[in-house]
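Novice: Pasting a structure below so you can have a look.
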Amino acid sequence: MANHKSALKRIRQTATRTLRNKYQHKTTRNAVKALRDSSDKKEAAVMLSKVSGMLDKLAKRNIIHNNKAANLKSKLTKHVASL
């Protein structure tokens, strides 16, 4: 167990951040899945901008890799265009 006050604080901070990151990542994954399942082009186009923003935010915060975000956005854009 940690012996320093600062180490205990770090443990608390890490737990809080991990929980927040997990929530944001799971929410984004659900949004991506919903976008893939959608069949209405107008609705999908609106969802695409929101999902792209979510992916950019995850990449900016190093929750996912920049290239993964770019690949997902590219695939989703192709999907929406094909509807």
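Novice: When you look at T27, is it out of contact with any Asp or Glu (no Cβ under 8 Å at 6 or more places or on another chain), surrounded by 13 or more Cβ atoms within 10 Å (Cβ to Cβ), in a helix (DSSP H, G or I) and among the polar types (S, T, N, Q), yes or no?
Specialist: For T27, the condition - out of contact with any Asp or Glu (no Cβ under 8 Å at 6 or more places or on another chain), surrounded by 13 or more Cβ atoms within 10 Å (Cβ to Cβ), in a helix (DSSP H, G or I) and among the polar types (S, T, N, Q) - is not met.
Novice: In segment 1-50, which residues are of a type in the set (K, R), more than 17 Å from the chain's Cα centre (by Cα) and closer than 13 Å to L76 by Cα?
Specialist: Matches in segment 1-50: K41 only.
Novice: Can you tell me which residues in segment 11-48 are of a type in the set (S, T, N, Q) and modelled with pLDDT under 95?
Specialist: Answer for segment 11-48, where residues must be of a type in the set (S, T, N, Q) and modelled with pLDDT under 95: S38, S39.
Novice: So I64 passes all but one of these: (1) modelled with pLDDT of 95 or more; (2) part of a helix (DSSP H, G or I); (3) not hydroxyl-bearing (S, T, Y). Which condition number does it fail?
Specialist: (2)
Novice: Does L76 satisfy being within 23 Å of R17 (Cβ to Cβ) and either surrounded by fewer than 12 Cβ atoms within 10 Å (Cβ to Cβ) or at pLDDT 95 or above (or both)?
Specialist: Considered against the rule, which asks whether it is within 23 Å of R17 (Cβ to Cβ) and either surrounded by fewer than 12 Cβ atoms within 10 Å (Cβ to Cβ) or at pLDDT 95 or above (or both), L76 comes out as no.
Novice: Let me ask another. Condition check: in a helix (DSSP H, G or I), modelled with pLDDT under 95 and surrounded by fewer than 15 Cβ atoms within 10 Å (Cβ to Cβ). Does L8 satisfy that?
Specialist: Yes: the conditions hold for L8.
The values are calculated or read from the model by the stated rules, or taken from the named source; none is laboratory data. All values reported here derive from a predicted model rather than from experimental measurement. No Cβ is skipped: glycine too gets one built from the backbone with ideal geometry, and neighbour counts run over all protein chains shown.
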